[in-house]
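What follows is calculated from the coordinates using simple rules that are stated; it is not laboratory data. Since we're looking at a predicted model, the values are computed, not measured. As a convention, Cβ positions derive from the backbone with ideal geometry for all residues, glycine included, and neighbour counts pool all protein chains shown.
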Amino acid sequence: MALILWHNPRCSKSRETLALLQARGITPELRLYLNDPPSRAELEALVDKLDQPARALIRWKEAKDSLDATASAEEILDHLARTPKLIERPILIHDTAARIGRPPEQVLEIL
């Protein structure tokens, strides 16, 4: 089972999610997505795995000055590809599913 955690070590939720996984003996591959931004295609695949709309991926409080709340899915994904710091975090990705770790325990649903 391949597990990848899109991780931002400066984010408390991201650190909590990693600690939760490690406490269960799970060591996911870490992707520091601010250093290694996802492509538009990767974001599209992530939306499919999340089984949620693209708007679930964006941190709206931080994006309010750069993206209108009525933006289409395409506009949101394009914006996130250009501005990865606006991606909701953390995100645990499994082969066929993904979950946003807010709260951290939510990622356990796909294990």
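R0 = 35 Å: FRET efficiency of Lys61 with Arg15, Cβ-based, nearest 0.05? The partial results should precede the final answer.
Numbers: r = 20 Å, r/R0 = 0.56.
About 0.95, to the nearest 0.05.
Would you mind working out the magnitude of the charge dipole of the chain relative to its Cα centre, with +1 at each Lys and Arg C-beta and -1 at each Asp and Glu C-beta, to the nearest 20 Debye? Working shown, then result.
Details: 16 positive and 17 negative charges, 104 e Å.
Charge dipole, the chain, about its Cα centre: 500 debye, nearest 20.
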Acute angle (nearest 10 degrees) that the helix 12-23 long axis makes with the longest principal axis of the chain, alpha-carbon atoms: 30
At q = 0.11 Å⁻¹, base-10 log of I(q)/I(0) for the chain (Debye sum, equal scatterers on each alpha carbon): -0.31
Distance-filtered residues of region 78-111 - backbone nitrogen under 19 Å, label point 7 angstrom along Ala2 Cα→Cβ: 91-100, 110-111
Cleavage-rule hits (trypsin sites (Lys or Arg not before Pro)) in region 5-45: DSSP loop, at most 13 neighbouring Cβ within 10 angstrom: Arg10, Arg24
